[in-house]
Structure formats: C-alpha cells, structure tokens
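In what follows, a single structure is set out as structure tokens and then discussed.
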Amino acid sequence: MKKILCLFLVLSVLSAALWAEGKKDAAPTQGGGTEKSAGPVPSGKKVIVADANSTHHLNLYVAYEKGLFKKRGLEVEIQQTSSGVAAVAGGEADIVFNCPTGVITPIAKGQNITIIGQVKIPCTSVLVVPVNSSYKTPADLDGQQIAGLSTTCCAVIIIRDALRNQYNTEFELVTLAPGAAIAALDAGQVKGAILEEPFVALALLKKDANGDPVYKTIFNGESDADGDGTIDPNLAGLNPPCRTINANKNFIGTRLDDAKIFIDAVAEADQIILANPTAADIVDIAQKYVSVDRQAIINSNPKLGFTTKLATEKLKGYAEALVRQGTIDKNPGDSLFAPEFKGITW
C-alpha cells in the first residue's frame, strides 16, 4: 500500500509540473482561456492591388497564379491601371508595386501612402546604343539626345548624377516610354536609350539584314566601350534598388495582418522564381500578364533579383536626388517606410 501511495504522489507531482510547463506556452485569450499564440490572421476582406503590367512585378503574378495568397486565406484582386500610386494614396486600392521615386514624391508631400517592402534589386536599366556607336567614354555622351522614361526615373537619376558628378557630362533627356524609345532608336531620332528589362533584351535581340546585332549596352559593368580590354564601370553603381511594394496608410493601420500575409506570400513567390527564373511555368505566367516576346522574358528574368528586404539607405539616396532636382523640398528619411514593417522588411 505504501508503494502504491508513493507512486501516486510521484505521478501527481509530474502531472502538476507538465501542466505548469504547458501554461508557459499558452497565451491568454480575450475570454480568459488559453491557446497557442498565432501569426497574422486574414481579415476576410479583399486586398486590391493596383497594377501596371510589368515583368518586374512577376513575383506578384506568381503569388497570385500559384495560389500563395489563397493558401494563407487572403483574397487578392489585381486591377490594371496606369495610375496605381494615385489609387493607393486616395484609398481606391490597397497596394501598388511601383518605381520608388514615383512613391517618394507623394510621401514627401504628405499623401496617404507608405513603403512596406522591396520588389527587386538591382535596377536592371542600362544604356543601349547602336553597335556602331562611337561612344568610348562616358564623357562622349555630353550633349547627346538620350531617351528615358522621365526625369524622376530611378535609372535616369542614377546615370545622370554619375555623369554629372564623375565626368562633368550632361546628356539631353528625350522623355519616351520603353517601346517608343526603341522605335526612336530604330529611326535614328535619339543616340541611345536608358531601358529596363525586358526591353533591354528586346533591343539586344534585334538583328540587321546580315543577322548581326543592332544594339549593345555600354557603361553597365559588363561592357568594354573603348576596346582597351577592361570592363567599364557601371554608371548606375552597385546594386541600385528597383521597385518597391507600397500601401495605403489606412490599410496598414486597420488591416496590418493582411499586409503582413501579403508580404509573406510575395516572399515565397520570390524563392520560387529565383530557384528557376526561366522555368516554363514562370515564363508562362509572365506572358499571361505582359505582351513581350517569350525569348526576351527568358533572357531578362535571371536579372530580376526579387527580394522583399528594403535597401533603405539607397532609397533615401533617391529621395536626396529628388531634393537636388527640386521635385521635393525635403528628404523624408526613415519616414518613407512603414514603421509596422521594421524588423520584417527593413
């Protein structure tokens, strides 16, 4: 009987210890009970993404097409528009993928938008010129007509600043969209064009009557413009950041879990793409959203370094460049980025 009593006491002590250990791992609920702590929980409301089709947004499309949002319980609708930043700032949409300089400006002017994540690094825009171009050094670009998207395009800013500061050189910008810039090159109306992928790949795929390339890239860290056997430095510098994921501030304030789930799904899409950026299913998804030659997509996808981690210092550098050119009055600094995502994406 004594042995049985002792065994009973030992089992009672062990049970109490295990119960106490379980209490440590449990989180109190509003009702006073206990349950395991959970991660972000979707609100059940739809997330509206205002999007202008681009292979640079391939991670968004892969996350959508492969059901990465749905498996997290998040309903996402992609709406095609050319005014996505305005739609998000105005509250008509929740999220937009965009060139950061196009978002820095409304942030600096107090509009209701913030940066929550990176889309990709680096910027893939480079200077494309005819193969028979006589440009040997960056200084040769002085006074030349060069096509580019806009004065506030990240690549235009970086390349213009490098030419101005390092070579005392200034080209004349002809503002043209990528497709129109290639057409202007074809017609000899401009001497070069600052193009992003996949338009760089499209230009480099062009052949003359003899089957030889029509265009080449220069001063991008991969070319030898002057033929001295040395690769010329990249005017855009080392790994300049490209597009960012941006959200309406009210959306972040009221549906933070939805935003976190969205970023998590995109991060999973990043890994899928990076594992094989030219896989047939990935290229198929790109072609579903973007009307670009399949080979151009195959050639350009490996250059798209998808990541959600923000390059904060370089993004603040873009803001400083916008201050210098008078587009904004003050660099917002860390106020560019949603504080709710500190420790997550920055």
Right, Ala225: in contact (Cβ under 8 Å) with a residue 24 or more places away in the chain, in contact with an Asp or Glu (Cβ under 6 Å, 6 or more places away or on another chain) and not assigned by TED's automatic domain parsing to the domain that holds Gly73 or not? yes
In segment 226-264, how many residues are surrounded by 23 or more Cβ atoms within 10 Å (Cβ to Cβ) and of a type in the set (Gly, Ala, Ser)? 3
Any residue in segment 56-73 that is assigned to a loop (DSSP other than H, G, I, E, B), without any contact (Cβ under 8 Å) to a residue 40 or more places away in the chain and of a type in the set (Ser, Thr, Tyr)? no
Could you check how many residues of segment 261-311 are closer than 24 Å to Arg72 by Cα, assigned to a helix (DSSP H, G or I) and charged (D, E, K, R)? 6
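Considering only segment 234-259, how many residues are assigned to a helix (DSSP H, G or I), more than 10 Å from Ile115 (Cα to Cα) and charged (D, E, K, R)?
Keep residues of segment 234-259 that are assigned to a helix (DSSP H, G or I), which gives 249-254, 256-259.
If we keep only those that are more than 10 Å from Ile115 (Cα to Cα) as well, we get 250-254, 256-259.
The next check asks that each one be charged (D, E, K, R); those that pass are 257-258.
Looking only at that region, the number is 2.
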For segment 116-214, which fully contained helices (runs of 4 or more DSSP H) count at least 3 residues that are within 17 Å of Leu235 (Cβ to Cβ)? 154-167
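The values are calculated or read from the model by the stated rules, or taken from the named source; none is laboratory data. Fair warning: this is a prediction, and the values are worked out from it, not measured in the lab. Backbone-built Cβ (ideal geometry, glycine too); neighbour counts: all protein chains shown.
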